[in-house]
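The values are calculated or read from the model by the stated rules, or taken from the named source; none is laboratory data. What you are looking at is a predicted structure, and each value in this text was computed from that prediction instead of being measured. All accessible areas refer to the heavy atoms of the entire protein, side chains included, with ligands and DNA or RNA removed. Shrake-Rupley method; radii C 1.70, N 1.55, O 1.52, S 1.80 Å.
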Amino acid sequence: MTFNQAGAAAPVNDDVVSDGQEEYTRIGDMAKSFGVTLRTLRFYEDKGLISPKRDGSTRLYTRRDKARLKLILLGRKVGFSLRDVKQMMDLYDPNGTNIKQLRLTMDKSERQLARLQKQRVAIDEAMSELSALMTAVRNQLAERNAPTAVAS
């Protein structure tokens with residue numbers, strides 16, 4: 001749907017709205033394209049991570065919101081807290097060098113990578129112990145299920 005100069009709505013496409021300068025995406029289509037719930041998008045908005053435009057009660061998402069949501073989801077996937085993600089994104093300056101943002105991102109990323117590597121070691125150990133336990137249980141089951149030799 002697009003808005004003409006008089007402000008009247010003209011149907012074009014239900015998932016994208018354009019005001020002549022920028023295209024907007026509705027909340028349902030945004031959620032579907034990113035595989036998140038409407039509640040998740042509203043939550044991120046409440047936390048100040050994304051800021052959709054409002055047309056009455058309708059949330060309209062810009063390219064900037066889409067880019068920020070991609071970063072939020074990437075950050076969550078690699079284990080960053082929402083506070084960490086917000087700190088990193090809030091330092092972005094479209095007209096600056098973003099050195100402070102890049103340094104903070106590197107620092108947080110290095111620490112998170114170290115945490116993930118420790119978790120991997122712990123998971124590998126747990127998997128090894130579980131495999132050993134399963135082998136022992138299989139052996140016990142095989143012994144107990146084997147037909148007993150009949151004495152003659």
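Some notes on this structure:
- Between the stretch 104-125 and the stretch 63-89, the Cα center-to-center distance that results, in Å: 18 Å
- Cross-link check: pairs Lys32/Lys108; Lys70/Lys100; Lys66/Lys118 evaluated at a Cα-Cα cut-off of 28 Å; pairs beyond the cut-off: Lys32/Lys108; Lys66/Lys118.
- Counting only protein heavy atoms and using a 1.4 Å probe, the accessible area of Val121 comes to about 80 Å².
- Calculated accessible area for the stretch 90-141 comes out at 86 Å² per residue, all protein chains present (probe 1.4 Å; ligands, DNA, RNA ignored).
- Full-extension gain in nm, Ser33 to Ser131, via 0.36 nm per residue minus C-alpha separation: 31.4 nm
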